[in-house]
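Single-structure report; data block below.
The values are calculated or read from the model by the stated rules, or taken from the named source; none is laboratory data. Note that the coordinates shown come from a computational prediction; the quantities given were computed from them, not determined experimentally. Backbone-built Cβ (ideal geometry, glycine too); neighbour counts: all protein chains shown. Only protein heavy atoms, including side chains, enter the accessible area calculation; ligands, DNA and RNA are left aside. Shrake-Rupley method; radii C 1.70, N 1.55, O 1.52, S 1.80 Å.
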Amino acid sequence: MSGKTYVVTGSASGIGKALITELSKDNIVFAGYRNPIHESELKNISSNIYPFYVDYSLPETIKQAGEYILSKCTKIDTLVNIAGCVVAGPVENLNIEEIRRQFDVNVFGHIELTQKLMPILEDGKIINVSSMASYGIFPFISPYCASKKCLDIFFNTLLLENKKNLKIVSIKPGVIATPLWGKSIDENSKYFDNYGDYSSEMKYLISNAQKNAKNGLPVSKVVNVILKADRLKNPKTSYTVGLDAFFARMISKLPQSWINGIIKLGMKIKRVMG
Ligand SMILES: NC(=O)c1ccc[n+]([C@@H]2O[C@H](COP(=O)([O-])OP(=O)(O)OC[C@H]3O[C@@H](n4cnc5c(N)ncnc54)[C@H](OP(=O)(O)O)[C@@H]3O)[C@@H](O)[C@H]2O)c1
C-alpha cells in the first residue's frame, strides 16, 4: 500500500465509484455518499474505504463531513470533487429553486467542503470533475453548463491565490455512460410539461439522455485521466476526455456569433431530421 490518502465525493456511482474501487486497492479513501443506502456497499468494496455522508443540498452535512474527515486524518494527498447533478430546461421557464439546487450541488458544496479540508491539503492536489458543458455551448442545460464553468473559475482562482503548493486540475469529460443520464431524466422531466413551447426540444433532451446513458464512453476513460493527473508532479490545469469534449473546446474558441450560428444550425438539422 502506497499510503496515500484521498477524499472523493460522489463516490457511490458512475465515475466516482469506479475511481474509489481503483484507488482503494492501495490507498486510504474517504468516500462521500448522499444516499445512506450506499454506506454498506462502499464499505464492502474495501476495508481501505471510509464512507462519509454528505448532501450538498443540506449545508449542515457538509460541516459534519468536514469535521469527520479532519478527526480521522492529518493530511490529504488528493481531494477529488466528483458529486454532481444536472438541471435542464429552457431559461425562460426554469424554476429558480432548481437553478439554486444546481449551484448548491455542483459549485457551492464543492467550495465549502474544500474550504473545510484546506488545513490538511498543504501540498496536495484537488481534481475536479467538471464537464465539456463548461464550454457553455449546449442549449437547454444552461444551469449545468453555468455551474461547471463557475466551478472551474472558482478553483482556478483558488490556484492563483493560495500560498500553498497546491495543484488544481479540471477534468472535462464528454458523454460518459453513467447513471447520471437516467437521474437527470427522473429529476427534470416532471417540469417538462410546463415548458409548452419547448415540448419537442424536451422530448429530444430525454431521448438524447437515454442514448447517452448507453452509448457514452466507459467510466474507465475518465478514471484513467484522473489517475494520470494525480500521478504527474505537474499536471495540466485542464484535461478533456473524449472527442466530443475536444470539439466542444475547439468550438468554444470561435467568436460567440459563429458559435451561436453553429449551434442554431445543429438544432435546425435535428428538428428537420426529427
Ligand atoms: N456522465 C457524463 O456524461 C458526464 C460528463 C461530464 C461530466 N460528468 C460529471 O461527472 C461527475 C460524476 O457523474 P457521473 O456521470 O458519474 O454520474 P453519477 O453516477 O450520477 O454520479 C454523481 C454522483 O454525485 C452524487 N450527488 C448527486 N447529488 C448530490 C448531492 N446533492 N450531494 C452530494 N452528492 C450528490 C450522486 O449521488 P447519488 O448516487 O445519491 O445520486 C452520485 O454519487 C458529475 O459531476 C458530472 O457532472 C459526467
Subject >> Percentage relative contact order, the chain, counting C-alpha pairs under 8 Å, at least six apart >> reply: 17 percent
**OP:** State the percent of C-alpha pairs, over all pairs in the chain, separated by a distance greater than 31 angstrom.
**Re:** 25 percent
Subject >> DSSP beta bridge pairing in region 5-273, given as percent antiparallel to the nearest 5 >> reply: 0 percent
**OP:** Given a cut-off of 27 Å, name the pairs among K75/K233; K4/K183; K167/K211 whose C-alpha atoms lie farther apart than that in the structure shown.
**Re:** K4/K183; K167/K211
Subject >> Inter-centroid distance (Cα atoms) of region 233-267 relative to region 84-143, Å >> reply: 19 Å
Original post:
At q = 0.22 Å⁻¹, what is the log10 ratio I(q)/I(0) for region 145-193, with the Debye formula run over Cα points and no solvent?
Top reply: -0.88
**OP:** Loop only per DSSP, at most 16 neighbouring Cβ atoms within 10 Å: give me the GluC sites (Glu not before Pro) in region 8-115, ordered by residue number.
**Re:** E92
Original post:
Whose amide H sits under 5 Å from the amide H of L79, counting only residues 5 or more places off or on another chain, with H placed in the peptide plane?
Top reply: V7, K125, I126, I127
Subject >> Projected label distance in nm at V91 and Q210, using a 7 Å step from Cα toward the beta-carbon >> reply: 3.0 nm
Original post:
What FRET efficiency, computed as 1/(1 + (r/R0)^6) with R0 = 35 Å and r the Cβ-Cβ distance, is obtained for E60 and E161, rounded to the nearest 0.05?
Top reply: 0.80
Subject >> FRET efficiency, 1/(1 + (r/R0)^6) with R0 25 Å, evaluated for E187 and V272 via beta carbons >> reply: 0.25
Subject >> Simple label model, 7 Å out from Cα along Cβ direction - S40 to K233, nm >> reply: 4.7 nm
**OP:** Enumerate the aspartates and glutamates that K125 could reach by cross-link, defined here as Cα to Cα under 19 Å, with residues fewer than 8 away along the same chain left out.
**Re:** E22, D26, D77, E112, D152, E161, D230
**OP:** Give me the accessible area of D244, 1.4 Å probe, in Å² rounded to the nearest 10.
**Re:** 60 Å²
Original post:
Rounded to the nearest 0.05, what FRET efficiency is calculated for K264 and N224 with R0 set to 45 Å and r the Cβ-Cβ distance?
Top reply: 0.80
